[in-house]
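First comes the structure, then the notes that go with it.
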Amino acid sequence: MVIIGGRICAGKDPIKVTQSYICWYAEEAVEQMIKYHIPASVTLAQAIFESKCGNSTLAKKSNNHFGIKCHTAWVGDTVIKTDDTLNECFRKYSSVEDSYTDHSLFLQSRNRYQHLFKLSVTDYKGWCRGLKAAGYATFSGYADELIKIIEENKLYLFDRYERVTNLSKTIPIEKIRKSKLTLNDFTLKDLAKTGSLFISEKRFDMKLLSLIIDTPDISNYVAEK
């Protein structure tokens, strides 16, 4: 593990590439969810799949992590890449964060995706299937791939985010240690109260993210803090 910019991220081990990507961009995905009501899990899964965890040519050359093409309304920078057809126009961004914001605006501004915003923010399966049905991707297994990424990495936990402004009331650590509850029995707000997460009014960053992803028993996780 290496600590960069306050985040604990995986090193160069390819097995940890996905966890490392989640570590870097989970915060941004949650910010987008708060602003635009798009599940953070779905945003992360799309970015992981479309950008190959930030390692695709499109991601490296243009910070485009969602494979969004230019379309007629785009007036920003562009990059040419062969995709479904030869030499297609894709959007180019100044930063990865700009790509995340444009992805949210792209979905919010198009009529074919409007029915998705009526779904619960925790209905990641409905969102994944709805995106495919609305034509976001041509790949027939797109929805299944997104759902697989979400469930394998427990990204649905990010959809339970609750903005926290006061952590004065905490859950007794000993009670959690002695319980048989698992991570799925807790919201991110609950975890914050144990000290497992750092959450401020505007942003949050996960500490020991790999343990949250890999450890099914929260009592073990808390005990190792």
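Computed from the coordinates by the stated procedures, all read-outs in this text should not be read as laboratory data. Model, not experiment: these values are computed from the prediction. Don't worry about glycine lacking a Cβ; one is built from the backbone with ideal geometry, like all the others, and counts go over all protein chains shown.
Multiplying each eigenvalue of the alpha-carbon gyration tensor of region 2-161 by 5 and taking the square root yields semi-axes of 22, 20, 15 Å, largest first, rounded to whole angstroms. Computed from backbone phi, the HN-Hα couplings of region 131-144 come to 4, 5, 5, 7, x, 4, 9, 8, 4, 5, x, 4, 4, 4 Hz, rounded to whole numbers (Karplus: 6.51 cos²θ - 1.76 cosθ + 1.60, θ = phi - 60°; Gly and Pro given as x). In nm, to one decimal, how far is the ALA133 label point from the THR72 one, both placed 7 Å along Cα→Cβ? The two pseudo-label positions are separated by 2.7 nm.
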